[in-house]
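For reference, the structure discussed in these notes is given below.
The values are calculated or read from the model by the stated rules, or taken from the named source; none is laboratory data. This structure is a prediction, so every number in the text was calculated from the model and none was measured. Here the Cβ is made from the backbone with ideal geometry for all residues, glycine too, and neighbour counts use every protein chain on show.
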Amino acid sequence: MVYLVRHAESEANLTRTMSYRRVDPGLTARGERQARAVATWLSRGRPVARIYSSPLRRGLQTAQQIAQVTGAPIEVTEALRELDVGSLEGRSDDEAWAIHDAVLRQWWQADPAASFPDGESYLEVYARLSGLFRQIAERHPVEDVVAVGHGGIFCTVLPRLCSIPWDPATPFTLANTGVAILRREAALTCELWNGQAHLG
């Protein structure tokens, strides 16, 4: 199994600030509680062989909480960094978000070469995350692993890799510390999306 975990709440979530590289806030007090809760939940299942983590602070701090409880080692990987929004980074204004959302609409309308201003295209995002999944399958054919990343990359790439159990009448999202469980067999199967049982 691969357990995908979106990072816990950070200051960037509260201010809706786009954060890819230069802007790198850590977890809020609520986020720290969320990270501890998902860590405890993961420790109750099968042993975790390795935790793959985004290099951004909010991802790494979440991964560190999971490592502390499960005892699994952490491997930081650029593949799990949030979407490269280019010159939109650090912005939280409505105009910037309108540009951001317009790019995502292009991706969903079958224009994978569309990119953020000075940022990456869907083709690049898909390549790095799908490449990580191939690497995990080779390294851990029967072991359970955790991948801590971001809502942007998970919500854009996962629906192209496997069918997501989600009600299409509701907004497609992944909450802070929302969990997706992927089973690796002949094809990738998503057994759970946005699991939040650990949050009570």
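General observations
- Qualifying residue in the range 100-116 (condition: touching a residue at least 12 places away in the same chain (Cβ under 8 Å), buried (at least 16 other Cβ atoms within 10 Å of the Cβ) and touching a strand residue (DSSP E or B) at 6+ places or on another chain (Cβ under 6 Å)): yes
- Filter result (crowded, with 16+ Cβ neighbours inside 10 Å and assigned to a helix (DSSP H, G or I)) within the range 117-129: Tyr122, Val125, Tyr126, Arg128, Leu129
- Condition met for Gln61 (buried (at least 22 other Cβ atoms within 10 Å of the Cβ), touching a residue at least 40 places away in the same chain (Cβ under 8 Å) and within 17 Å of the chain's Cα centre (by Cα)): no
- Residues satisfying the stated conditions in the range 188-200, i.e. more than 14 Å from the chain's Cα centre (by Cα) and not in a loop (DSSP other than H, G, I, E, B): Leu188, Thr189, Cys190, Glu191, Leu192, Ala197, His198, Leu199
- Among the candidates Leu42, Leu27, residue that is over 17 Å from Gly200 (Cβ atoms), hydrophobic (A, V, I, L, M, F, W, C) and either out of contact with any His (no Cβ under 7 Å at 6 or more places or on another chain) or touching a residue at least 40 places away in the same chain (Cβ under 8 Å) (or both): Leu27
- Screening the range 145-197 for residues that are out of contact with any strand residue (DSSP E or B) (no Cβ under 9 Å at 6 or more places or on another chain) and among the small types (Gly, Ala, Ser) and picking the one that is surrounded by the most Cβ atoms within 10 Å (Cβ to Cβ) gives Gly152.
- Some residue of the range 45-58 being assigned to a helix (DSSP H, G or I), out of contact with any Gly (no Cβ under 7 Å at 6 or more places or on another chain) and either among the acidic types (Asp, Glu) or at pLDDT 95 or above (or both): no
- All positions within the range 117-139 that are over 15 Å from Glu75 (Cα atoms) and aromatic (Phe, Trp, Tyr): Tyr122, Tyr126
- Thr17 in contact (Cβ under 8 Å) with a residue 60 or more places away in the chain and farther than 22 Å from Cys190 by Cα: yes
- Test: residue in the range 89-97 that is under 27 Å from Ala137 (Cβ atoms), acidic (Asp, Glu) and not in a helix (DSSP H, G or I): no
- When we screen Val23, Val38, Val69, Val76 for residues that are of a type in the set (Val, Ile, Thr), in contact with a helix residue (DSSP H, G or I) (Cβ under 9 Å, 6 or more places away or on another chain) and surrounded by 19 or more Cβ atoms within 10 Å (Cβ to Cβ), the only hit is Val38.
- Scanning the range 156-187 for residues being in a strand (DSSP E or B) and modelled with pLDDT of 90 or more gives a total of 5.
- Answer from Gly119, Gly90, Gly152 - the residue that is under 18 Å from Asn194 (Cβ atoms), in contact (Cβ under 8 Å) with a residue 24 or more places away in the chain and not polar (S, T, N, Q): Gly152
- Scan of the range 155-182 for residues that are within 21 Å of His100 (Cβ to Cβ) and touching a residue at least 60 places away in the same chain (Cβ under 8 Å), ordered by number: Thr156, Leu158, Leu174, Ala175, Asn176, Gly178
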